[in-house]
Amino acid sequence: MSRADRGRNVLVDSPADLDAGLVGVEPHTASQAPARADADAWGTDPYANALRNGHGPLFLRRTDGWLLPLDVERWCAGADAADLSALRRCEGPVLDVGCGPGRMVAALAARGHRALGIDVSEAAVARTVRLGGYALRRSVFDPLPGEGRWGTVLLADGNIGIGGDPDRLLHRAAELLAPGGLLVAETVPHDLDERVRVRLDDGRAPIGLAADGLFPWARLGSSALLGYARPHGLRAEGQWEADGRTFVALRRSRSVRTANQSADSRNSAAVVSSQFPRNTSGDSPLAGS
């Protein structure tokens, strides 16, 4: 690969390519979010199809038939005012968990942040890369670059629900953050602590197939999120509402160390920077982070 190619947003075929500063799609990963890794073929998986079209209908369907509409049009548009209210709080290199089609990663890069999106959907990662962002096809619960070194972990668009176990997800977020790092999470705008099993539904599948493709999901209000966060050394730093959406910022304690953090800081000090192209001139969207 030429030196010029190393500075571009490309799809890579193996984790070894990360060592060269490239970020992209890995072909085989486990699914922990609302897009099954075995159903990413464009036009057959409802999530991938919605991203291709840029619109729904797309829902999360519970086994009792309840539907939660998913705002695909907003996800596929540029970052809006509510998004920017969260992005303005981001610090240092940012890991966008469940990045979807990449609007937040692209907006972060435009603001001068080093930003990496992760998603289990190949379609989502591919769209993020086409927007000019950096993305990796991987679950948040898989090994990730820069563990314990991220300045901000972002959980937007209800992604606090990933895995259906907020306690586990917040523990993982704390592992990923640097001491003193920031978790920015979007919550539901009312008091709720719900664990459910759902599937993606575009309105085409027979209702009788409700047991097919089920995965665990959670929905949390801000007060419930704060309760789960405290045991993991995450303390509230701010709560706000923007355009009907609610957010919480939580600061990781500087004194808490996780099992994934090496006692030898020499081996980890530059791990986040190594995931991005080394050209950080004033013309680079990664400069200044």
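Protein chains only, probe 1.4 Å: how do Arg74, Arg195, Arg103 rank by accessible area, largest first? Could the numbers behind the result be given before it?
Values: Arg74 50, Arg195 120, Arg103 10 Å².
Correct descending sequence by accessible area is Arg195, Arg74, Arg103.
Please give the net charge around Ala77, taking every other residue with its beta carbon less than 14 angstrom from that of Ala77, where Lys and Arg add +1 and Asp and Glu add -1.
-3
Rounded to two decimals, what is the ratio between the C-alpha radius of gyration of region 74-129 and 2.2 N^0.38 Å?
1.02
Which distance in nm do the two modelled labels at Arg197 and Gln239 give, with both placed 7 Å along the Cα-to-Cβ direction?
For the pair Arg197/Gln239, the computed spacing is 3.2 nm.
Just need log10 I(q)/I(0) for region 146-187 at q = 0.15, 0.28, 0.31 Å⁻¹, Debye formula, equal scatterers on the alpha-carbon atoms, no solvent, rounded to two decimals.
For region 146-187 at q = 0.15, 0.28, 0.31 Å⁻¹, log10 I(q)/I(0) is -0.32, -0.97, -1.08.
In nm, to one decimal, how far is the modelled label at His190 from the one at Ala110, with both set 7 Å along Cα→Cβ?
3.3
Per residue, how much accessible area does region 113-193 show when a 1.4 Å probe rolls over the protein heavy atoms, in square angstrom?
I get 25 Å² per residue for region 113-193.
With the Cα gyration tensor of region 56-195 in hand, give its eigenvalues times 5 under a square root as the equivalent ellipsoid semi-axes, listed largest first in whole angstrom.
Semi-axes (√(5λ), whole Å): 22, 19, 15.
Using every alpha carbon pair in region 97-170, what percent of pairs falls into each 5 Å bin from 0 up to the bin containing the largest distance?
3, 17, 27, 28, 18, 6, 1
Roll a 1.4 angstrom probe over the protein heavy atoms and tell me the percent of accessible area of region 57-164 that is carbon or sulfur.
Here carbon and sulfur together make up 51 percent of the probe-accessible area.
What does the net charge come to around Ala236 if you take all other residues with beta carbon closer than 11 Å to its beta carbon, with K and R at +1 and D and E at -1?
Details: positive: Arg230, Arg235, Arg251; negative: Glu237.
Neighbour charge sum, excluding Ala236 itself: +2.
The values are calculated or read from the model by the stated rules, or taken from the named source; none is laboratory data. As the structure is a computational prediction, the values presented were derived from the model and not from experiment. Note that we place each Cβ from the backbone using ideal geometry, even for glycine, and neighbour counts take in every protein chain shown. Heads up: the accessible areas ignore ligands, DNA and RNA and are worked out on the full protein's heavy atoms, side chains in. Shrake-Rupley method; radii C 1.70, N 1.55, O 1.52, S 1.80 Å.
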